[in-house]
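The structure appears right after this line, and notes come after that.
The values are calculated or read from the model by the stated rules, or taken from the named source; none is laboratory data. On a predicted model such as this, the values are computed, not experimentally measured, just so you know. Reconstructed Cβ throughout: ideal geometry from the backbone, glycine too, with neighbour counts over all protein chains shown. All accessible areas refer to the heavy atoms of the entire protein, side chains included, with ligands and DNA or RNA removed. Shrake-Rupley method; radii C 1.70, N 1.55, O 1.52, S 1.80 Å.
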Amino acid sequence: MARVVVLGGGVAGHTAATFAADWLGKDHEVVVVTPNSKWNWIPSNIWVGVGQMSKEEVTFDLAPVYAKAGITYKQAKAVSLNPEGDVNGDKSFVTIEYTGQGKAGQSENVTYDYLINATGPKLNFAATPGLGDANGLGEFTVSVCTADHADHASHELAKCIEKMKKGEHQKFLIGTGHGMCTCQGAAFEYIFNIEHELRKAGVRDMAEIKWISNESFLGDFGMGGLHMKVGGYVVSSRIFTESLFAERGVDYITGAHVNKVEKGKVSYELLDGSMGEETFDFSMLIPPFAGVGLKAYNKAGEDITDTVFAPNGFMKVDADYTPKPYQEWKASDWPRTYQNPTFKNLFAAGIAFAPPHIISKPMKSPNGTMINPTPPRTGMPSGIIGKAVAHSVCDLIKKGPSAHLHEASMAEMGAACVASAGKGWLDGQAAAMTVYPVVPDFDKYPGTGRDTDYTFGEIGLAGHWIKHILHHLFIYKAKLNPGWTMIPE
């Protein structure tokens, strides 16, 4: 019997674990190690954050789902890897520390034949003074990164709406809280959901809403922007996004590195090197992401973390990490199998893998501050990668070490995104977009880097209906309800 250990129960980890258990059956063991007791459909946290959904509607308990699937569930966080074993034996193992199941604080070594690292990101609030600390969110801003964060944000938003109803103007500042953030899309959704809710509440005229982002232009989204078909015409995402900001009366600051957060005020540096300040009554700033901080040790107990992980804490995989200028970046730099090059029984999926470089053009202020989005690896790509990695591991177990590894390069992968711009069955809006490929390939698609026949977008009520249907569909799938394997990632 082989044992597959999956670290993380998010989109990538849950997908990998459930498919691996389904394909391997009872002949082998699948173990999930995750510090959380609940699964969270993160895209719908946006709606929790404006009071349009409860956190119970976007989460469910993992234990009964894993019991149904025959998956061994350990509510714990991974601490370190020993891919060569240690002085007591040659078996690979991961050291975990329990966070629940009546064992909080207890440590255990869990051996594995194959390990899939799908730990997702550490929400690095501490990277920006005042945004938070090593333990999480600070006191001056809100967040929608977790269901609990989003629930807290909804209560703070409700307080602001009550103030506006009493005649008190409020200023909203939404965006990214550091020069190297990703997930601009989540902040984009949140700012327009807030704007929508303020209009519904009849207080839009009492609010100033401003966007602040590390993108060098609106519509970059960490993908260097894109050109897409809209109404039969090829339009840049910059025009598409600027039009929406103008239509909704939302001001914006781009190319900004937020370097300090205080009560009611942020300080920032722009790409031109200038410094500025912005005040707020309510602010949601996405934190930068980092690896969760796993360490790695060889058989002798020596630290080999730098061999297994990149400096940002994400796991090295089959990417080309050779430093090279932007003009020499290639689609082929991106990983295909997500196998660690040093230890062949280690794989990474979703945010946990180290990208070879950013996707957007690198930007730096005259002061030497890097201000550009890091690559998005959430949502649909995470699920696709998680499934491909699980397929590879299952084939290695069933067919032996020479089995073909399945591939899911982001440079050959299309992705769909439905970005909410306000919830409501009759007045809701969402921007429904597809992009192919996620990582541009300028050799194959000169000029735009993407196939404009498969990169398109529309905004409207239909998009909102699609997002709402997807919410229920993916929670249904994640609960392993009948027919779940037939629902695509």
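General observations
- In the context of the full set of protein chains, residues of the stretch 39-150 present 41 Å² of accessible surface per residue (probe radius 1.4 Å, heavy atoms only).
- Taking all protein chains as shown and a probe of 1.4 angstrom, Asp27 keeps an accessible surface of around 110 Å².
- Helix 237-248 vs. the chain, principal-axis angle (Cα, 0 to 90°, nearest 10): 50 degrees
- Accessible surface of the chain, 1.4 Å probe, proportion on carbon and sulfur as whole %: 53 percent
- Dividing the Cα radius of gyration of the stretch 327-478 by 2.2 N^0.38 Å, with N the residue count, gives 1.23.
- At the listed q of 0.19 Å⁻¹, the Debye profile of the stretch 121-250, built from one uniform point per Cα, gives log10 I(q)/I(0) equal to -1.16.
- Backbone HN-Hα couplings from phi across the stretch 171-186 [Karplus 6.51/-1.76/1.60, Hz, Gly and Pro as x]: 10, 10, 10, 10, x, 10, x, 6, x, 10, 6, 10, 6, 4, x, 5
- With a Förster radius of 30 Å applied to the C-beta separation of Ser37 and Ser332, the computed FRET efficiency comes to 0.15.
- Cα-based shape type of the stretch 37-144, given that a ≥ b ≥ c are square roots of the gyration tensor eigenvalues and the cut on a/c is 1.5: oblate
- Note on the chain: helix-only mean residue ellipticity at 222 nm, from DSSP H runs of 4+ residues weighted -39500 (n - 2.57) and normalised by residue number, equals -7500 deg cm²/dmol.
- When only Cα pairs below 8 angstrom with a gap of at least 6 residues are kept, the chain shows a relative contact order of 17 percent.
- In the full protein context, the stretch 296-362 carries 43 Å² of accessible surface per residue, based on a 1.4 Å probe and ignoring ligands, DNA and RNA.
- Given a 1.4 Å probe and the protein chains as shown, Tyr436 ends up with an accessible area of around 60 Å².
- Rounded to whole numbers, the Karplus 3J(HN,Hα) couplings from phi for the stretch 264-274 are x, 7, 10, 10, 8, 10, 9, 4, 7, x, 6 Hz, using 6.51 cos²θ - 1.76 cosθ + 1.60 with θ = phi - 60°, and x at Gly and Pro.
- The string of couplings for the stretch 408-424 from the Karplus curve (6.51, -1.76, 1.60, θ = phi - 60°) is 8, 5, 5, 8, 10, 10, x, 9, 10, 9, 10, 9, 5, 10, x, 9, x Hz, one whole number per residue in order, with x for Gly and Pro.
- Net length gained if the chain between Asp395 and Ala201 were fully extended (0.36 nm per residue, minus Cα distance): 64.4 nm
- Förster-model FRET efficiency, 25 Å R0, Glu407 and Ala134, C-beta, rounded to 0.05: 0.10
- The H on the amide N of Val235, modeled in the peptide plane, is under 5 Å from the matching H of Met228, Lys229, Val230, each at least 5 residues off or on a different chain.
- Ligands, DNA and RNA aside, Ile191 has an accessible area near 0 Å² when probed at 1.4 Å.
- Cα long-axis angle, helix 11-24 against the chain (0 to 90 degrees, to the nearest 10): 30 degrees
- Using the Cβ-Cβ distance between Glu208 and Leu461 with R0 set to 22 Å, the FRET efficiency works out to roughly 0.25.
- Beta-bridge orientation, the chain: approximately 60 percent antiparallel, per DSSP, counting only bridges with both partners inside.
- With the charge dipole of the chain set up from +1 on Lys and Arg Cβ and -1 on Asp and Glu Cβ about the Cα centre, the Cα lying farthest toward the positive end among the listed residues Pro325, Leu396, Gln170 is that of Leu396.
- Accessible surface, 1.4 Å probe, highest first, among residues Leu470, Leu81: Leu470, Leu81
- Surface/4 estimate of mean projected area, convex hull on alpha-carbon atoms of the chain, nm²: 23.1 nm²
- Remark on the stretch 369-416: Rg and Dmax equal 14.5, 49 Å (Cα only).
- Cα-derived Rg over Rh, computed across the stretch 1-89 with Rh taken as Kirkwood radius: 1.07
- When each of Lys91/Lys398; Lys55/Lys479; Lys68/Lys477; Lys122/Lys364; Lys103/Lys398 is checked by Cα-Cα distance, pairs over 22 Å: Lys122/Lys364; Lys103/Lys398
- A simple spin-label model places the labels of Glu242 and Thr307 5.1 nm from each other, with each point 7 Å out along Cα-to-Cβ.
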